[in-house]
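**Student:** Here's a structure for you.
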Amino acid sequence: MLGEGHRFHTDVLGEGRIRGGNLRGDLFLRGGGDPTMLAEDYTDLAEQVRAAGIRRVHGDLVANDTYSDDVRLGASRAWDDEPYYCSARISALTLAPDTDYDSGTVIVSAAPSRQGRKPQVTITPETDAVRIVNTGTTGAAGSDDTLPIVREHGSRVVRISGNVPVDGSATTSWVTVWNPTRYAADVFARALADAGVRLRGDEERGHTPADARLLASTSR
């Protein structure tokens, strides 16, 4: 249906004038359903925004996922499969944590720390799209490894519980996010900050005005 000449685009557009490094308007992140977007691609987009002469955005970051509809799950997906990578929610703004390209997921890893303490948790990529609630325990050497990592249905809360032995290995899980559009926008906002572009407004979801100007793009 797309045709062999189709290209996926993820674009950044601006509304308003750019003067002295200041964009006096909103910044728009517009998704085109690219199934291979990684955090490094959002870093590239952020660097393109800086190269366009922007240092401060006096407006909001608006995430536009209207290229696709609002149906977030495929047919016949069971609600209790939603935490797992094979049942990730769909958005035109995509982001995968690695080159397995499981879009709409983060990698959550819980490793043993000192005995009696909570496991050490890392999220790849770093994002506020999930909120970790860690009630796990690092147990004695040789104890049972019973450490699940599960996102609560209908929520961004990821719960880590159970036991990991102090001499055990990390438990790693590809966990879906509840709001994939917010996930992509959050990682892009972090990339903007790292590139030296200050966002003064908020992150929100919306449409891109017809007169917005293209500032950055990926195409493949």
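**Student:** Any residue at all in the range 187-195 that is at pLDDT 95 or above, at positive phi and of a type outside the set (F, W, Y)?
**Tutor:** No, because not a single residue in the range 187-195 is at pLDDT 95 or above, at positive phi and of a type outside the set (F, W, Y).
**Student:** Additional query: Taking the options L45, L29, name whichever one is assigned to a strand (DSSP E or B), of a type outside the set (S, T, N, Q) and in contact (Cβ under 8 Å) with a residue 60 or more places away in the chain.
**Tutor:** L29
**Student:** Just wondering, is there one or more residues in the range 15-34 that are under 18 Å from the mean Cα position of the chain (by Cα) and surrounded by fewer than 18 Cβ atoms within 10 Å (Cβ to Cβ)?
**Tutor:** No, the range 15-34 contains no residue that is under 18 Å from the mean Cα position of the chain (by Cα) and surrounded by fewer than 18 Cβ atoms within 10 Å (Cβ to Cβ).
**Student:** When the range 93-129 is examined, which residues are found to be assigned to a loop (DSSP other than H, G, I, E, B) and surrounded by 21 or more Cβ atoms within 10 Å (Cβ to Cβ)?
**Tutor:** L93, T94, L95, P97, S103, G104, P112, P119, P125, T127, A129
The values are calculated or read from the model by the stated rules, or taken from the named source; none is laboratory data. On a predicted model such as this, the values are computed, not experimentally measured, just so you know. Backbone-built Cβ (ideal geometry, glycine too); neighbour counts: all protein chains shown.
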